[in-house]
Amino acid sequence: MDFVSLFFTDFIKQLQSPTLAFLIGGMIIAALGSELVIPDAVCSIIVFMLLTKIGLTGGIAIRNSNLTEVLLPALFSVITGIVIVFIARFTLAKLPKVRTVDAIATGGLFGAVSGSTMAAALTLLEEQKIPFEAWAGALYPFMDIPALVTAIVIANIYINKKKRKEASDSAMQESFSKQPVAAGDYPSTRQEYLSQQKDPGDNKVKIWPIIEESLRGPALSAMLLGLALGLFTRPESVYEKFYDPAFRGLLSILMLVMGMEAWSRVGELRKVAQWYVVYSVIAPFIHGLIAFGLGMIAHYATGFSMGGVVVLAVIAASSSDISGPPTLRAGIPSANPSAYIGASTAVGTPIAIGFCIPFFIGLAQAIGG
């Protein structure tokens, strides 16, 4: 009963917090047909400032802490990002009317991290005075990049296997339909034989270009810049006077934009299998629980705080809304953006912010007191 009461208490607080209030407000005014438009340039500046602030916080904290404390949570972040993609590959992909490449892309987007959802979780933890490691936000790239790389690699392996199978079936049909060939039609050299056997669809997936694409994305670039500045310079004065005071106000504007975007994406889900809606509701909790369990191992092994465990769970429950979509569009062009972006933005993000954050805070308080 303690957990239930804590959960509902935190859920009510979350409803009353500016973070979710602005998200819901954005969805409501979009549903009412509001013509309010916040320019993309403004959103880009807001995202840059929010993620740079999180990076600065993490960099300063890592500089002043023991690096060994970061290793286990970082390793668990990598594992979680990879596992989430495989979960989608062997669950969502098996459901009726769901294309395998779309399911893998959806898993990649849900394995990647939403900077806005993470920012919302950090804000609520601070509001409730729940301690957590200042470097916890720096776990972002350790989950984000492996998830995107894994999704693109698995999708391309699947596509190449499918091409080989189709080519093999086509060759088999042609061989049955043709008469026996003369001896002179057979390859005369090994090179000629190998050239005939070579499958044009059998292309190796290159890992580094995928990582490079992720690192160049606006979200990770901003966070890694802040992380580097926090680690190797002394940015405390500009951090305390500019980035930190502006953080909550900028986050509220971003939540408003995300609410409007979420409502606009609801229609896209009607174009694809309704199983994406089911997945988008259930998956954030499952992903978060996996990360929460791994975080508890780190908690007992290294003293990782319960607030840090919540951050790890929330970033696992989140789905990328900035860097992930363009990376997946480039890496898996055959996947349907309406499926994976619609599932993430229209359902996954509101579920992660509105339900998963208070759920995991309540779970942590019920376990840790």
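Cβ-Cβ distances below 6 Å connect the following pairs, each with a first residue in segment 51-67 that is touching a residue at least 12 places away in the same chain (Cβ under 8 Å), a second residue that is open to solvent by less than 20 Å² (accessible area, probe 1.4 Å) and aromatic (Phe, Trp, Tyr), and a separation of six or more residues or different chains: LYS53/PHE247; GLY58/TRP135; ALA61/TRP135; ILE62/TRP135.
Screening GLY137 with (1) open to solvent by 30 Å² or more (accessible area, probe 1.4 Å); (2) under 24 Å from SER319 (Cα atoms); (3) assigned to a helix (DSSP H, G or I); (4) at pLDDT 75 or above gives one miss only, at (1).
One line per residue, one yes/no per condition, for (1) in contact with a Phe, Trp or Tyr (Cβ under 9 Å, 6 or more places away or on another chain); (2) buried (at least 21 other Cβ atoms within 10 Å of the Cβ); (3) in contact (Cβ under 8 Å) with a residue 60 or more places away in the chain; (4) more than 28 Å from LYS271 (Cβ to Cβ):
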{"residue": "ILE82", "(1), (2), (3), (4)": "no, no, yes, yes"}
{"residue": "ARG99", "(1), (2), (3), (4)": "no, no, yes, no"}
{"residue": "GLY108", "(1), (2), (3), (4)": "yes, yes, yes, no"}
{"residue": "ALA121", "(1), (2), (3), (4)": "yes, yes, yes, yes"}
{"residue": "PRO141", "(1), (2), (3), (4)": "no, yes, yes, yes"}
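Annotation note: of VAL347, VAL311, the sole residue that is hydrophobic (A, V, I, L, M, F, W, C), in contact with a helix residue (DSSP H, G or I) (Cβ under 6 Å, 6 or more places away or on another chain) and modelled with pLDDT of 90 or more is VAL311.
Within the bounds of segment 219-241, is there any residue that is within 29 Å of ILE361 (Cβ to Cβ), in a helix (DSSP H, G or I) and hydroxyl-bearing (Ser, Thr, Tyr)? Scanning segment 219-241 turns up at least one residue that is within 29 Å of ILE361 (Cβ to Cβ), in a helix (DSSP H, G or I) and hydroxyl-bearing (Ser, Thr, Tyr).
Out of curiosity, is ALA262 open to solvent by less than 50 Å² (accessible area, probe 1.4 Å) and within 20 Å of ALA41 (Cβ to Cβ)? No; evaluated as a whole, the condition is false for this residue. In segment 273-285, the condition of being in a loop (DSSP other than H, G, I, E, B), of a type in the set (Phe, Trp, Tyr) and on the phi < 0 side of the Ramachandran plot is met by no residue. For segment 325-341, the criterion of being farther than 30 Å from GLU212 by Cβ, part of a helix (DSSP H, G or I), within 18 Å of the chain's Cα centre (by Cα) and not polar (S, T, N, Q) is met by no residue.
ARG216 - would you say it is within 27 Å of PRO337 (Cα to Cα) and free of Cβ contacts under 8 Å to residues at least 24 places away in the same chain? Here the answer is yes, as ARG216 does meet what is asked. Which residues, counting only those in segment 18-44, are outside any loop (DSSP other than H, G, I, E, B) and either of a type in the set (Gly, Ala, Ser) or in contact with a Lys or Arg (Cβ under 9 Å, 6 or more places away or on another chain) (or both)? Once the filter is applied, which keeps residues that are outside any loop (DSSP other than H, G, I, E, B) and either of a type in the set (Gly, Ala, Ser) or in contact with a Lys or Arg (Cβ under 9 Å, 6 or more places away or on another chain) (or both), segment 18-44 yields PRO18, THR19, ALA21, GLY25, GLY26, ALA30, ALA31, ALA41, SER44.
Within segment 307-323, is there a residue that is part of a helix (DSSP H, G or I), without any contact (Cβ under 8 Å) to a residue 60 or more places away in the chain and open to solvent by 10 Å² or more (accessible area, probe 1.4 Å)?
no
Put simply, of ILE351, ILE290 the only residue that is crowded, with 18+ Cβ neighbours inside 10 Å, among the hydrophobic types (A, V, I, L, M, F, W, C), in contact with a Pro (Cβ under 7 Å, 6 or more places away or on another chain) and in a helix (DSSP H, G or I) is ILE351. Within segment 84-97, the set of residues being surrounded by fewer than 24 Cβ atoms within 10 Å (Cβ to Cβ), assigned to a helix (DSSP H, G or I) and of a type in the set (A, V, I, L, M, F, W, C) comprises PHE86, ILE87, PHE90, ALA93. Scanning segment 159-174 turns up one or more residues that are modelled with pLDDT of 85 or more, within 30 Å of PRO209 (Cβ to Cβ) and aliphatic (A, V, I, L, M).
Note on segment 98-134: among residues that are of a type in the set (Gly, Ala, Ser) and not in a helix (DSSP H, G or I), the one that is modelled with the highest pLDDT is ALA112.
Residue check: is ALA301 part of a helix (DSSP H, G or I), within 21 Å of GLU69 (Cβ to Cβ) and open to solvent by less than 10 Å² (accessible area, probe 1.4 Å)?
Against the criterion (part of a helix (DSSP H, G or I), within 21 Å of GLU69 (Cβ to Cβ) and open to solvent by less than 10 Å² (accessible area, probe 1.4 Å)), ALA301 does not qualify.
Of all the residues in segment 354-369, those that are open to solvent by 20 Å² or more (accessible area, probe 1.4 Å) and touching a residue at least 40 places away in the same chain (Cβ under 8 Å) number 7.
The values are calculated or read from the model by the stated rules, or taken from the named source; none is laboratory data. Worth saying up front: this structure is predicted, and the values here are computed from it rather than measured. Glycine also receives a Cβ, built like all others from the backbone with ideal geometry; neighbour counts cover every protein chain displayed. Each accessible area value is taken on the protein alone, full model and side chains, heavy atoms only, with ligands, DNA and RNA left out. Shrake-Rupley method; radii C 1.70, N 1.55, O 1.52, S 1.80 Å.
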